[in-house]
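The values are calculated or read from the model by the stated rules, or taken from the named source; none is laboratory data. Owing to the predicted nature of the structure, the values given are computational and were not obtained by experimental measurement. A quick note on method: Cβ atoms are made from the backbone with ideal geometry, for glycine too, and the neighbour counts reach across all protein chains shown. The accessibility values were calculated without ligands, DNA or RNA, using every heavy atom of the protein model including side chains. Shrake-Rupley method; radii C 1.70, N 1.55, O 1.52, S 1.80 Å.
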Amino acid sequence: MLTEPFLTATNILTKIESYGYQAYFVGGCVRDYLLGRPIGDVDIATSAKPEMIQQIFNKVIPVGIEHGTVVVRYEQESYEVTTFRIDGIYSDNRRPDEVEFVNKIDEDLARRDFTINALAMSKNGHIIDLFEGRRDLKNKVIRTVGNGYERFSEDPLRIIRALRFTSQLGFTLAPETLVDMKEASHLVNTLAVERLTNEFSKLFAGNDIRKAVTYMKEIQVDSYLPVFRSFPSLIKKLPSNMHSLMDFGEVIAYMHIVEPSVSISVWVKEWKCSNRTKKDAIHLVNSYHVFKKHGINSMLIYQLKRPYLAPFFRVVTLADPKVSISMEKLLTINEKLPIQSKTELSINGQEIIDLFPLRRRGPWIREIMDSLEKEIVLGNLRNNNKEIKEWIRWNPPETN
Ligand code: ATP
Ligand code: MG
């Protein structure tokens, strides 16, 4: 008996079938279901063309209609529904130039990257397994569907995806797949960077990143990756006892700390990361330097802010394995902070101005706020309106 999230999605399959078309769950969701892992997106493959899906369902978003993919919104959830297809040539190594829709799931499964990803499941839970994907799942093996070298040449991203799955699932590469990856690794050069960054973010966040790092070194794929290709010894900075970094900002922060000659800007530019990722990396690196100078104290934790405690912990323990900090300690200090941000100060700007009626407005107001914030975070002053005013009277703004 299927459970959620398949249960709700089963209604979509039933509806498509009621129009005389075939429909299956397919890809990662079937793999994760058989592995007993948490299921991410439920993807559906069907013999119905995208236009037909648009007719059948009320809310359909045409996200990639030329490649046969639409998103069906159903009971507040989104499902990617893709028409059975075979891929044309990948001339730009970004996406196939054209796709051809087909009528049978068999051909659709054959175009998929790995045996464990080429599984389909009917609404009754019947598994279609044309490439011994279940055997590979059982043996924890990543193996290409068909000739590995050809499949990697068609779309070299599959090389990175294979590495990503070793990290995410802790699986081993089939010996012939490993050989094929080695032979095709130079093709990684040609890939659109955004595709790489997406897969690498998942690779670094995986549970078994050690495995992926070992394979990366073995196939020397670093010679074809942004930044790494210009710094041949950089790959060695990924230790073989590497632990996961949950976000690409953490990856950049760590890499910059262990190799300061590559700036954060260069990483961000070459890997085409967002401004958000850049800001995160800068914040983590700055915090790391403060930590190296002053150790852990309440001001550092205060400036880091709660969402960055775990990223900071992961980066520091990787960059400085000998350092003895614990996540518990960071959390405890954070919980004990008298304030979490300036907005929590028990005094506002107007009240400060009112204390010095003869003064003109100016930077002194902000300076007082900054001093108050610091004194309160360090525990030298209580966050109490009366005591704050008293403190200001004793520490008036500098005259001028
Ligand atoms: P995740 O759980 O991370 O989403 P996934 O296996 O679902 O893993 P997706 O990138 O969402 O990965 O792709 C969905 C499915 O599409 C895969 O399981 C695979 O069958 C197929 N697929 C994705 N990318 C490729 C590719 N580059 N070449 C061939 N098949 C692919
Ligand atoms: Mg998926």
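Listed values for the range 202-211 are Karplus-derived 3J(HN,Hα) couplings in whole Hz (6.51 cos²θ - 1.76 cosθ + 1.60, θ = phi - 60°), namely 5, 4, 5, 8, x, 6, 10, 4, 3, 4, and x replaces Gly and Pro.
Coupling constants for the range 349-362 follow from the phi torsions by the Karplus curve (6.51 cos²θ - 1.76 cosθ + 1.60, θ = phi - 60°), and in residue order they are x, 4, 4, 5, 4, 4, 6, 10, x, 8, 8, 7, 4, x Hz; glycine and proline get x.
Remark on Asp43: its backbone amide H falls under 5 Å from those of Val26, Cys29, a criterion applied only to residues 5 or more positions apart or on other chains, H modelled at 1.01 Å from N.
Rounded to whole Å, the principal axis extents of the Cα atoms in the range 1-139 read 38, 38, 25, largest first.
If R0 is 56 Å, what FRET efficiency do you get for Glu17 and Ile339 from their C-beta distance, rounded to 0.05? Don't skip to the answer; put the middle values down first.
Details: r = 59 Å, r/R0 = 1.05.
That gives a FRET efficiency of 0.45.
Rg and Dmax of the range 142-244, based on Cα coordinates, read 12.4, 35 Å.
The alpha carbon radius of gyration of the chain, expressed as a multiple of 2.2 N^0.38 Å, is 1.27. Between Met246 and Leu35, the simple spin-label model (points 7 angstrom out along Cα→Cβ) gives 1.9 nm.
Using a probe radius of 1.4 Å on heavy atoms only, what accessible surface per residue do you get for the range 142-244? Whole Å² is fine. Don't skip to the answer; put the middle values down first.
On the way: 3910 Å² over 103 residues.
Value for the range 142-244: 38 Å² per residue.
Diagonalising the gyration tensor over the Cα atoms of the range 288-400 and scaling each eigenvalue by 5 before taking the square root yields semi-axes of 34, 14, 11 Å, largest first. To the nearest ten degrees, helix 309-319 and the longest principal axis of the Cα atoms of the chain are 80 degrees apart.
Report, for the chain, the % of DSSP beta bridges that are antiparallel, rounded to 5.
Details: 21 of 27 bridges.
Counting DSSP beta bridges with both partners in the chain, the antiparallel share is about 80 percent.
Between Ile142 and Thr172, Leu173, Ala174, the built amide H atoms are under 5 Å apart, and every one of these is 5 or more places off in sequence or on another chain. Kirkwood hydrodynamic radius of the range 226-301, from the reciprocal of the average inverse Cα-Cα distance over all distinct pairs: 13.2 Å.
Exactly which trypsin sites (Lys or Arg not before Pro) in the range 231-290 are in a DSSP loop and have at most 14 other Cβ atoms within 10 Å? Before the final figure, lay out the partial values.
Details: sites: Lys236, Lys237, Lys269, Lys272, Arg276, Lys278, Lys279; in loops: Lys272.
Filter output for the range 231-290: Lys272.
Accessible surface for Glu107 stands near 80 Å², nearest 10, in the context of the full protein assembly shown (1.4 Å probe).
Can you tell me how much longer the chain between Arg366 and Lys104 gets when fully stretched, taken as 0.36 nm per residue apart minus their C-alpha distance, in nm with one decimal? Intermediate values should be presented prior to the final figure.
Numbers: separation 262, 0.36 × 262 = 94.32 nm, distance 6.83 nm.
My answer for the length gained is 87.5 nm.
Considering only protein heavy atoms and a probe of 1.4 Å, how much of the accessible area of the chain is carbon and sulfur, as a whole percent? Display every interim value, and only then the final one.
Details: 9750 of 20010 Å².
Summing carbon and sulfur atoms, their accessible area is 49 percent of the total for the chain.
Normalised by residue count, the range 342-394 yields a Cα convex hull volume of 70 Å³ per residue.
For Met52, the accessible area of its heavy atoms, probed at 1.4 Å with every protein chain present, is near 60 square angstrom.
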